Amino acid sequence: MNPLCGRCNLVVYPTEKVNCLDKYWHKGCFSCEVCKMTLNMKNYKGFDKLPYCNAHYPRTNFTCVADTPENIRLKQQSQMQSQVRYKEDFEKNKGKGFSVVTDTPELQRIKKTQSNISNVKYHEEFEKRKTGGEVPHQQPSNPSPAYQPPAATQNFNYEPTPAPVHQAAAAPPPNTGGGSGKRYRAVYDYAAADEDEVSFVDGDVIIDVQQIDEGWMYGRVERTGQLGMLPANYVEAI
C-alpha cells in the first residue's frame, strides 16, 4: 500500500516519492513551510518534522526576564547581602593587611593610597642614596674644607662637581636584590604616573633590570629606550 503525502495527504507513488523527516512527500509538496519554495535533500532544514529553507528556518531567541516586583526585591536583597558581607570581611581584616578580593570603590581607594605611600617611601630612600649614600663616611673625618687636602683617599670619592651628581640621578639605583642585565617581558599595559617612571605595553621587553624592592624595579624599555621605574608585578622574567 502506498503511503500518504505529509503535505497534501494524498497517495504518494514510488516514482514521485521523497522520504524525509519520518514522512513521505510528493516532490512538489516537499517545500518550505513558510515561502513554499521547493526543496531537496541538500538544501532543506528540518524543524519539528517540517521542512524549511535556510532563510525561514526557525531560530531560538532569548526572551527577556520580566522585571517584576519579586525580581526587584530579590535583586535588592542580594545587593544588601553583598554589602554586609564586604563590611564584615573589612572589619575582620582591618589591621591585618587587606585581603578582600571584591573590587569595590573603597578597596580601590585603599590600593591607591598604598601605592602612593610606597612611591613616596621609595623616592625618599632614592634621594637619600643619591645625595648622601655615596659619601656616608666623609662627615666625621672631613668636618671642614681645610681638612680635605691631606685626606687623599677621601678625595677619590668626594667630587663636588655637578657632573657626578647628574650621573647619579640618571643612573639606576643601587642593586638591592636583583642582578643587573636581567631581561623581563611586560604582561600588562602600564602608563607612567611620575616623571621617573616608564610606560610600556603588553609584550614589551625590559632590559638592564635592577630590583629595587618587592614592588618596584628599575630598567629600560627596549622598544622606546625609556629608562626609569616600573612595577614588578607587571612584568615577568624571560
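Values in this text are rule-based calculations from the coordinates and carry no lab data. Note that the structure is a prediction, hence the values are computed from the model and not measured. Cβ placement follows ideal geometry from the backbone for every residue including glycine, while neighbour counts extend to all protein chains displayed.
In this label model, I207 and E91 are separated by 5.6 nm, measuring between points 7 Å along each Cα→Cβ vector.
Each Lys or Arg adds one and each Asp or Glu subtracts one; over the other residues with Cβ under 9 Å from the Cβ of V201, this totals -2. Charge dipole of the stretch 13-61 (Cα centre as origin; +1 on each Lys and Arg Cβ, -1 on each Asp and Glu Cβ, all else neutral): 100 debye, rounded to the nearest 20. Close amide-amide hydrogen proximity is noted between R223 and V205, each under 5 Å apart and 5 or more residues distant or on a separate chain (H modeled in the peptide plane; Pro and chain starts excluded). Each label point was placed 7 Å from the Cα along the Cα-to-Cβ direction; for H56 and K112 their separation is 5.9 nm. For Q79 and V11, what is the calculated FRET efficiency with R₀ set at 45 Å and r taken between the beta-carbons, to the nearest 0.05? According to the calculation, E is roughly 0.10.
For K182, the residues whose modelled amide H falls within less than 5 Å of its own, excluding neighbours fewer than 5 places apart on the same chain, are D208, V209. For V11, the residues whose amide H sits under 5 Å from its own are C5, ignoring neighbours fewer than 5 places away on the same chain, with H placed 1.01 Å from N.
Under the simplified labelling scheme, the D48-E127 pair shows an inter-label distance of 7.8 nm, with each label point 7 Å from Cα along Cα→Cβ.
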